[in-house]
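Below: one structure, written as structure tokens.
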Amino acid sequence: MQSRSYRVGVDIGGTFTDLIIVEEGSGAFTVGKVLTTPDDPSQAIEAVLSEALARAGIAPAEIAQLVHGTTLVTNAMIERKGARTALLATAGFRDAVEIGRENRYDLYDLLLENPRPLVPRYLRFDVPERTLADGTVLTALDEQYVERLAGELAAAGVEAVAVAFLHSFTNPAHEQAARAAVGRAAPNMRVSISSDVVPEIREFERTSTTIANVYVQARVERYLRELETRLQRMGVGGNLFLMLSSGGIATVDTAVRYPVRLLESGPAAGALAATAYGQAAGHPNLLSFDMGGTTAKICVIDQGRPLIAHEFEVDRMYRFKKGSGLPITLPVIEMIEIGTGGGSIARVDALGLLKVGPDSSGSVPGPVCYGRGGSEPTVTDADLVLGYLDPAYFLGGRMALDVAGARLAISTRIAAPLGISVEAAAWGIHQIANEHMANAARVHALERGKDPHRFPMFAFGGAGPVHAYRIARALGAPALLAPLGAGVISTVGFLSAPLAFDFVRSWRGQLGALDWAHANTLLREMEAEGASLLEASGVTAGAVRYRREADMRYVGQGHQIRVPLPDGELNDAHLPALQAAFEAVYRELYERLGPPVPVEVINWRVVAAGPEPELQLAVRAENATAEAGDAVKGARPAYFPETGGFTSTPIYDRYRLAPGAQFTGPAIIEERESTVIVGPGARCQIDAQWNLGVDLAS
């Protein structure tokens, strides 16, 4: 008998942990969903994996690969639960990480709070050394000073050291020597140097990123080793990989070396899943909408690729105000995170206004209707009261929902203070949540030069399909797509990502006066480093693919844009093409060109990636039919303001709707992990990939 082989994707969210197991070759799959265990996320992974394997009759030894995304790094930084860390900086520059860029992210807030550095001032030290901008040494490193200091820090209980010297991206020799000196004096001390973590211009961001990397390193390694141990106890013998914020995957060893690259690993998988489904359905341009229990994430998919940013923030003092968090300079799939999810708490504020979020009930205690001790009304409670959720079919019937408890919480906390009915209060919660997300999505798309009217919405996550119809209508989107298994679809993104890693080198020069020999050397060095890393991770020699980019700007500008570079050796013959590529990207972003001044390159980038994994899910739904009427399993009252309130609404069994099935809203389409709500008059059809498509153009 031929042996079977399976790949597993696991996504840990704020409320639920989702899983998919796919058989290689056949594409047969099974999914799982359990409540997240915040104190030890690996417990939820073991629980959901064990349950899914037993249900599908799969032996743990048949798992060849498990790809995982985690919020551990983000949580450790927000909760300040990393290692006790010190910073070694160039003499005179230890406070740069706190001074930042001296920007006020809110001009009118007189009580403005700046983000607190992960390293307090008493653990930031001036080190005698100085490298100039061109890489020449002005003051040699005092290695004896570093050794004495490292010994004192170790004796004082410091566990980690970040080294970020001025201009180390042009000459890393001093940082490398400082790392060696710390190793001699304190062999057990963890050390990260900025020229290794992010060899890129801009001292404040580079230092902040390096500190974050070493701050969480020990905690990430403990977690990943514990997860490896759990998997080994279960008999899982396959490889464990981690999703990176940039959308690639990496080995455990690489993740331990660069844990800061895991910051946005979970949301990245959702964007990749939307990309894969959109390509298969003929929609290379999409607005990815992932709404779970804690937050909603929105990402623009443009020409079959999610947008990538190279800067983002974590641990913001004000969650939605840029500049109020700790800057991280690393590639990340660009998305906006909104503090609205199924667990978002509703309340009446001091002015008598209804507010929703951003605080969430999470998985503990969860919404009131979960019956786990929650007392504050949430978005999920409102959706239940409105008839959008079946209290007996939540998670396929594995969790009964308390309708009476949800109604009581909304009545006591919202309806009574506002003097309105419970139903009106529930609709207010639902609509305010929708408006929050629609407004955020609109701004996010427009700021990136994209018209939301031209982007169909791809909705997934446990709560996404419940709210997507109203949000898509508010945005003026032409269509809505909801995949089969929408509640766990982000796990598909883990299995559609290749092994990949990003590299960067800062070297400035004007296009007309570049030293092409040096530029080509930088690109070759990054490609060689990428090949070495990926081949050590199991990618065969010759299978590594490279994508080159450069950060370019007009001379005198403060920020730059990413421009694709051609393959091969670059020379003066490429100048017209590079100028044209820069102008094309600039015009797409800003609808105009800049002043007639020279263009310069600031950073050179290479993305090294292995082969794209083949992933074709085989949908085998029993009793599926193209006759939509045969998939109706009942009806229940659901709230639609277009019909004047509660209306008897047909309930469709998602698993019985085969490609070609057509029907018109209002409709409730149920599956085990999610529910799609469609308003009156909307035309719906199941496409060849089993996606539910809703035409919103008319």
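The values are calculated or read from the model by the stated rules, or taken from the named source; none is laboratory data. Predicted model only: the values in this text are computed from it and were never measured. Methodologically, a virtual Cβ is constructed for each residue, glycine included, from the backbone with ideal geometry; neighbour enumeration extends over all protein chains shown.
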From the list LEU141, LEU111, LEU132, LEU123, exactly one residue is out of contact with any Gly (no Cβ under 9 Å at 6 or more places or on another chain) and over 28 Å from GLY82 (Cβ atoms). Which is it? LEU132
If you go through region 334-361, how many residues are in a loop (DSSP other than H, G, I, E, B) and either of a type in the set (Lys, Arg) or surrounded by 21 or more Cβ atoms within 10 Å (Cβ to Cβ) (or both)? 5
Name the one entry in VAL216, VAL236, VAL163, VAL191 that is modelled with pLDDT under 95, crowded, with 19+ Cβ neighbours inside 10 Å and not in a helix (DSSP H, G or I). VAL236
Taking only pairs six or more apart or across chains, which ones have beta-carbon atoms under 8 Å, a first residue in region 671-684 that is on the phi > 0 side of the Ramachandran plot, and a second residue that is assigned to a strand (DSSP E or B) and surrounded by fewer than 23 Cβ atoms within 10 Å (Cβ to Cβ)? GLY681/THR664
Quick check on region 452-461. Is at least one of its residues crowded, with 24+ Cβ neighbours inside 10 Å, in contact (Cβ under 8 Å) with a residue 40 or more places away in the chain, part of a helix (DSSP H, G or I) and not aromatic (Phe, Trp, Tyr)? no
Out of SER3, SER50, which single residue is modelled with pLDDT of 85 or more, on the phi < 0 side of the Ramachandran plot, surrounded by fewer than 22 Cβ atoms within 10 Å (Cβ to Cβ) and of a type in the set (Ser, Thr, Tyr)? SER50
Do the conditions hold for ALA543, that is, is it hydrophobic (A, V, I, L, M, F, W, C) and in a loop (DSSP other than H, G, I, E, B)? yes
Here the residues within region 46-83 that are over 16 Å from MET234 (Cβ atoms) and of a type in the set (Gly, Ala, Ser) are GLY69, ALA76, GLY82, ALA83
Surrounded by 20 or more Cβ atoms within 10 Å (Cβ to Cβ) and touching a Pro at 6+ places or on another chain (Cβ under 6 Å): is that true of VAL197 in this structure? no
For region 322-333, does any single residue satisfy the condition of being under 25 Å from ASP383 (Cα atoms), modelled with pLDDT of 85 or more and either not in a helix (DSSP H, G or I) or not basic (Lys, Arg) (or both)? no
Can you find, within region 59-76, the residue that is surrounded by the fewest Cβ atoms within 10 Å (Cβ to Cβ) among those that are among the hydrophobic types (A, V, I, L, M, F, W, C) and assigned to a strand (DSSP E or B)? ALA64
List the number of the failed condition for THR647; all other conditions in (1) assigned to a strand (DSSP E or B); (2) among the hydroxyl-bearing types (Ser, Thr, Tyr); (3) under 30 Å from GLN65 (Cβ atoms) hold. (3)
In region 317-333, the residues that are surrounded by fewer than 17 Cβ atoms within 10 Å (Cβ to Cβ) and in contact with a helix residue (DSSP H, G or I) (Cβ under 9 Å, 6 or more places away or on another chain): PHE320
Scanning region 685-698 for residues that are in a loop (DSSP other than H, G, I, E, B) and touching a residue at least 24 places away in the same chain (Cβ under 8 Å) gives ASP687, ALA688, GLN689, TRP690, ASN691, LEU696, ALA697
How many residues of region 568-584 are assigned to a helix (DSSP H, G or I) and buried (at least 16 other Cβ atoms within 10 Å of the Cβ)? The answer is 5
Only one of (1) in contact (Cβ under 8 Å) with a residue 24 or more places away in the chain; (2) among the charged types (D, E, K, R); (3) outside any strand (DSSP E or B); (4) under 26 Å from ASP451 (Cβ atoms) fails for ARG587. Which number is that? (1)
Residue check, ALA474 against (1) among the small types (Gly, Ala, Ser); (2) farther than 18 Å from THR340 by Cβ; (3) surrounded by fewer than 24 Cβ atoms within 10 Å (Cβ to Cβ), all met but one. Which one? (2)
In the list GLY270, GLY293, which residue meets the criterion of being outside any helix (DSSP H, G or I), in contact (Cβ under 8 Å) with a residue 12 or more places away in the chain, within 30 Å of VAL466 (Cα to Cα) and of a type outside the set (A, V, I, L, M)? GLY293
Output yes when any residue across region 347-359 is touching a Pro at 6+ places or on another chain (Cβ under 7 Å) and modelled with pLDDT under 85, and no when none is. no
Go through region 626-641 residue by residue and tally those that are in a strand (DSSP E or B), free of Cβ contacts under 8 Å to residues at least 40 places away in the same chain and of a type in the set (D, E, K, R). 1
Checked against (1) in a helix (DSSP H, G or I); (2) touching a helix residue (DSSP H, G or I) at 6+ places or on another chain (Cβ under 6 Å); (3) farther than 30 Å from VAL8 by Cβ, LEU224 satisfies every condition except (3)
Would you say ALA86 is outside the structural domain of MET526 (by TED's automatic domain parsing) and under 30 Å from TRP507 (Cα atoms)? yes
In region 454-464, the residues that are under 19 Å from the mean Cα position of the chain (by Cα) and not aliphatic (A, V, I, L, M): PHE458, PHE460, GLY461, GLY462, GLY464
Considering each residue of region 166-188, count those that are surrounded by fewer than 20 Cβ atoms within 10 Å (Cβ to Cβ), out of contact with any Leu (no Cβ under 7 Å at 6 or more places or on another chain) and part of a helix (DSSP H, G or I), and give that number. 6
Please go through (1) touching a strand residue (DSSP E or B) at 6+ places or on another chain (Cβ under 9 Å); (2) modelled with pLDDT under 90; (3) assigned to a loop (DSSP other than H, G, I, E, B) for GLY27 and return the number of the only condition it doesn't satisfy. (1)
Scan ALA409, ALA392, ALA415, ALA382 and give me the residue that is surrounded by fewer than 19 Cβ atoms within 10 Å (Cβ to Cβ) and not basic (Lys, Arg). ALA392
Please tell me if GLU673 is assigned to a loop (DSSP other than H, G, I, E, B), under 19 Å from GLY397 (Cβ atoms) and not polar (S, T, N, Q). yes
Scan region 512-558 for residues that are surrounded by fewer than 18 Cβ atoms within 10 Å (Cβ to Cβ), in contact with a Pro (Cβ under 9 Å, 6 or more places away or on another chain) and in contact (Cβ under 8 Å) with a residue 40 or more places away in the chain and jot them down. GLY512, ALA543, ARG545, ARG547, TYR554, VAL555, GLY556
All but one of (1) touching a helix residue (DSSP H, G or I) at 6+ places or on another chain (Cβ under 8 Å); (2) closer than 21 Å to ARG473 by Cα; (3) not in a helix (DSSP H, G or I) hold for GLY428; state the number of the condition that does not hold. (3)
